[in-house]
């Protein structure tokens with residue numbers, strides 16, 4: 001069973017049928033558009049292929065618990081930013097009157113008019129959808145790409161070896177650390193440990209039984225993995241890619257369509273404000 | 001010139017007072033298998049790390065003298081340079097595997113050396129064949145058994161074409177058949193006429209398996225070499241004295257010799273023991289041995305109290321579709337010591353996690369009852385006072401600064417009164433022989449004391465049932481003995497114990513009953529003697545009985561019972577036949 005952010009070898013078209021370079025291109029293009037578009041309706045366009053990829057790669061839906069948590073915890077800063085957006089001049093595409101129609105707006109002495117409008121709600125939705133979109137594509141990429149495939153592709157792309165080394169160690173370390181966290185959490189719960197306070201200082205103090213073993217084990221694991229890679233000469237010379245990049249028709253088709261659509265998206269954004277609010 | 005030369009070599013880790021290795025002078029030539037023997041902390045791993053340059057390049061410290069491998073002074077090279085000549089296989093195969101398929105993983109090292117693709121392919125073929133992984137090339141390493149994964153780690157090392165292959169306790173985490181597989185790979189590499197030098201380190205738990213394979217023994221104690229010579233040194237009583245222990249057959253024959261039986265030669269392997277035993281019997285004209293009258297009585301299993309754990313039809317499916325437990329039904333009676341054995345991934349730990357409520361059954365009609373209560377519906381804080389579980393790795397739980405604080409943590413979490421906490425902590429510290437260490441900094445404790453501390457820190461909760469995962473892994477023979485004696489003491493104090501282990505010697509000596517798991521099912525459940533008497537059933541779960549039991553089974557045609565569990569039992573049996581007046 002794969003842990004969160006761990007590759008799992010499965011017989012799916014995304015695992016077996018698509019080259020790592022293709023996945024990197026798709027992920028890069030989607031990331032670019034998701035970062036530039038501020039209209040939640042456009043973000044939704046990116047959600048649809050994400051859902052298809054999640055289904056096709058059989059990605060465990062449990063991975064999204066963390067995204068849900070991230071969205072909930074980001075609500076506070078996102079809302080803080082959104083309530084400042086009551087100025088009609090901020091909106092280039094939406095009807096300014098509609099966009100600034102107040103839902104709950106107050107006028108404060110220094111800050112001026114702050115609160116929620118239809119426009120700021122749209123902005124908030126886009127911000128949260130962006131998290132979901134980027135996480136979805138990143139998850140699919142990680143779940144379907146082994147460390148060897150990623151390393152070979154990065155080598156072919158002439159990415160500097162120290163960068164590849166760091167990426168590879170992280171790729172191996174993160175799931176291992178989750179196993180450790182799982183063990184530590186279980187071990188301490190079996191000694192009666194709970195995180196039962198709401199006072200942040202007490203919570204930090206209470207977290208020590210988790211944090212101390214975790215830090216220690218993380219250091220040990222990092223050292224073990226570093227040693228395990230170094231003793232197999234990783235990062236010491238100029239490596240040979242064992243899977244020379246061999247793109248299939250499907251790879252060319254996916255990359256062509258993705259790059260094409262991205263260029264159209266960028267053109268629309270640059271010249272017609274498509275994707276902006 | 002020898003392949004490895006250590007000249008007046010000493011090393012002290014930064015921040016430590018004692019030298020890990022002290023004034024080592026050693027020469028080792030190629031083409032042999034060397035056993036590097038010693039208790040935990042004797043300096044074995046330090047020596048192996050020094051050969052490839054992990055010391056001094058990763059683990060810094062005070063380095064004196066010279067370590068020369070293949071004519072190169074290690075401290076003048078880099079790890080990458082040394083990786084061309086020396087490979088090391090670590091205890092845990094998981095951290096050493098990086099790739100999607102077996103083939104890719106073996107190719108990882110040669111590819112990093114920048115070799116041409118044809119050369120990489122040649123090396124991959126060689127290493128896969130040597131590691132007996134032919135046919136596994138396209139398999140995902142995660143789908144391999146523990147023994148196969150460690151063989152893959154060895155294949156990865158072999159593909160570097162090292163002059164020196166070192167293995168740091170390579171079988172400690174494996175089931176018995178996995179151990180055998182890995183050591184047979186090592187033997188295969190060494191015996192094929194190459195000049196590769198293989199060095200295996202061992203702390204004692206698997207001394208029988210290692211003794212079968214090595215040509216030369218180097219024993220370390222407190223950082224110094226105390227023994228260096230041929231394999232027959234495994235029979236030397238000094239191994240008992242330093243806490244490593246000897247192979248069971250060596251201990252048996254040494255005991256017979258002490259009792260006046262004219263033993264020609266103390267065997268160190270099973271084959272040698274069978275031959276020596278036959279010689280002894282033939283000399284006396286004994287065609288078939290006689291069982292002493294009390295032997296049958298000894299076989300009567302002990303009786304225990306009421307059923308305190310009941311599991312019925314327990315299934316657990318990990319998403320997406322890994323069926324880890326398939327309708328498991330078992331029970332535990334009050335006062336028993338039960339051993340759960342089986343290969344890696346057979347479901348042992350999943351079962352244990354259910355018993356303490358960390359996992360819930362994935363079928364509705366499952367029954368998991370402890371002391372008559374359905375624990376699937378109970379709060380964990382209530383469950384842990386009835387039944388508790390100690391994880392294998394003490395580093396997963398130890399966090400407090402001192403031993404006392406660590407043991408006092410659980411009662412503090414459960415809001416126990418201070419006076420009661422004090423008494424309970426004191427008691428736990430005494431049971432696990434931590435007295436005198438109360439104020440010691442937990443992180444500076446040796447591995448054995450850390451393991452004792454992990455279990456001691458659960459005791460103040462007074463759980464009636466204790467589940468302990470691999471209580472003796474990582475411990476040398478002395479540490480394992482102390483651990484199991486403490487567990488016996490807990491049983492005497494009214495606890496019921498369930499241990500999960502790969503060490504069959506421990507099961508044979510201490511467990512009243514054994515549950516054998518294979519692929520999520522229980523395939524055998526009964527008194528230890530009965531279960532170990534059925535080697536063919538055990539083999540289904542990649543288990544082999546201890547060496548002394550195997551000796552009896554190999555001599556079944558001479559009337560030996562197939563259920564002898566300990567060296568002492570076998571010695572009594574033999575003395576009854578060889579020296580009838582004195583038995």
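Key figures for this structure:
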item: Exposure proxy order (Cβ contacts within 10 Å, fewest to most) of A:37, A:98; result: A:98, A:37
item: Value of D in µm² per second that Stokes-Einstein yields for chain A, Kirkwood Rh from Cα pairs, at 4 °C (1.567 mPa s); result: 59 µm²/s
item: Residue A:248/residue B:322 FRET efficiency (R0 25 Å; Cβ-Cβ; nearest 0.05); result: 0.20
item: Footprinting exposure proxy for B:534, B:364, B:39 (fewest neighbouring C-beta atoms within 10 Å first); result: B:364, B:534, B:39
item: Residues A:96, A:238 arranged by fewest to most Cβ contacts within 10 Å; result: A:238, A:96
item: Average Cα contact separation per residue, the range B:73-214, under 8 Å, 6 or more apart, as relative contact order %; result: 29 percent
item: For the protein assembly as shown, the spread of Cα positions along each principal axis, largest first, Å; result: 111, 66, 49
item: Among beta bridges that DSSP assigns inside the protein assembly as shown, antiparallel share in %, nearest 5; result: 60 percent
item: Helix-only mean residue ellipticity at 222 nm for chain B, each DSSP H run of n ≥ 4 adding -39500 (n - 2.57), per residue, nearest 500; result: -10500 deg cm²/dmol
item: Kirkwood Rh (inverse of mean 1/r, distinct Cα pairs), the range B:157-221, angstrom; result: 12.4 Å
item: Extension gain, residue A:47 back to residue A:97 (0.36 nm per residue minus Cα-Cα distance, nm); result: 15.1 nm
item: For chain B, fraction of C-alpha pairs farther apart than 32 Å, in %; result: 51 percent
item: With eigenvalues of the C-alpha gyration tensor scaled by 5 and rooted, the range B:307-519, Å; result: 28, 20, 16
item: Residues in the range B:422-453 reached by a label modelled at residue B:402 [backbone nitrogen below 11 Å; 7 Å Cα→Cβ]; result: B:437-442
item: Per-residue [θ]222 nm for chain A (sum of -39500 (n - 2.57) over DSSP H runs n ≥ 4, rounded to 500); result: -22000 deg cm²/dmol
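No lab work stands behind these numbers, since they all come straight from the coordinates. This structure is a prediction, so every number in the text was calculated from the model and none was measured. Positions of Cβ are generated from backbone atoms using ideal geometry, with glycine treated the same way; all protein chains shown enter the neighbour counts.
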